[in-house]
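The structure appears below as structure tokens.
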Amino acid sequence: MAKIHPTSVVSEGAVLADGVEVGPFCFVGPNVTIGEGTRLIGHCNIDGHTTIGRENVIHPFASLGQPAQDHAVEPGKATYLKIGDRNLFREGCTIHTGTKPDSATVIGNNNMFMNSTHVAHNCEIGNNVIFVGFSGTAGYCKIFDNVLLSALSGMHQFCRIGRFAIVSGGSVFSKDIPPFMMAEGRNGGVKMINKIGLVRAGFPAETITVIKHIHRLYYRSGLTPTNALEKIRTELPQIPEVLEFLDFCATSSRGVLANGVSGHRD
């Protein structure tokens, strides 16, 4: 059975699995479901129509499942927050439910949300993502797997960040950031590929070389995006990473982030 500190409030209707620990001075709302082994360290607020999976750890003053910060929210209509397994929510982290009735914010597995990070309504966060302190996303953003948002960075609503991309500290973007790239500045541009991240993740050297060619063609060749994509399509081996980059660009609604001047070699 769940272990609940006597100073905490667990509302009638909340469902807590075996092995859940609720530390001191927590609040758990009536429409919350928490999976086995999840721990609320203390002073946590979990509310709304929120489902939390297994073995998550939620630190003091994290607030999960509050209503969206959006005038479009209809009082009394159910919106959702769905959280997977083994995520870490540090102090002051805030994650909101969806904004339109029956819509949801979705968090995957094995993510880390450091202190004072924020995920707004209707975002979709993949797996193995890290939000460093004071980073955040506006509504309807999509963050693919293995992304790193560095400290004090932010994403405009409806933007996407592709798999294994990095956003440098203090950066703000209103365009999509393609997979495998590193971006910095205020829409400052893609500077280089995320070579260190790719090596650490075990990408073969041959694949990393092809990703370098993607970067050079799209960001350094002087070609228009359309012509650069055509060269990537026709001149590079059609390995999964190439196809992923092409699909990401083809499905962008806000536009893909442009080039930036870099003093670094890739």
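Side notes on the structure shown:
- Pick from the stretch 193-225, criterion surrounded by fewer than 11 Cβ atoms within 10 Å (Cβ to Cβ) and at pLDDT below 95, ranking: nearest to the chain's Cα centre (by Cα): 224
- Residue 251 satisfies every condition listed in (1) touching a helix residue (DSSP H, G or I) at 6+ places or on another chain (Cβ under 6 Å); (2) at pLDDT 95 or above; (3) among the polar types (S, T, N, Q) except (1).
- Residue count for the stretch 140-176, restricted to those that are of a type in the set (A, V, I, L, M) and touching an Asp or Glu at 6+ places or on another chain (Cβ under 9 Å): 4
- Scan the stretch 115-128 for residues that are farther than 14 Å from residue 154 by Cα and surrounded by fewer than 24 Cβ atoms within 10 Å (Cβ to Cβ) and the total you get is 5.
- Matching residues, the stretch 137-173, being of a type in the set (S, T, N, Q), crowded, with 18+ Cβ neighbours inside 10 Å and part of a loop (DSSP other than H, G, I, E, B): 146, 150, 153, 171
- Consider the stretch 65-94 and keep the residues that are more than 15 Å from the chain's Cα centre (by Cα) and among the hydrophobic types (A, V, I, L, M, F, W, C). The one that is nearest to residue 43 (Cα to Cα) is 68.
- Residue pairs meeting the criteria (Cβ under 8 Å; at least 6 apart or on separate chains; first closer than 17 Å to residue 126 by Cα and assigned by TED's automatic domain parsing to the domain that holds residue 128, in the stretch 86-103; second of a type in the set (D, E, K, R) and surrounded by fewer than 20 Cβ atoms within 10 Å (Cβ to Cβ)): 86/54; 86/55
- Pair list, Cβ < 9 Å and 6+ apart or interchain, from the stretch 231-254 residues that are without any contact (Cβ under 8 Å) to a residue 12 or more places away in the chain to residues that are part of a helix (DSSP H, G or I) and β-branched (Val, Ile, Thr): 240/207
- Pairs with Cβ under 7 Å, 6+ apart, first in the stretch 123-145 and within 15 Å of residue 175 (Cα to Cα), second hydroxyl-bearing (Ser, Thr, Tyr) and part of a strand (DSSP E or B): 143/137
- Unmet requirement for residue 100, which otherwise passes all of (1) more than 22 Å from residue 178 (Cα to Cα); (2) surrounded by 19 or more Cβ atoms within 10 Å (Cβ to Cβ); (3) of a type outside the set (Phe, Trp, Tyr): (2)
The values are calculated or read from the model by the stated rules, or taken from the named source; none is laboratory data. Everything numeric in this text was worked out from a predicted model, so none of it was measured. We place every Cβ from the backbone using ideal geometry, glycine too, and count neighbours over all the protein chains shown.
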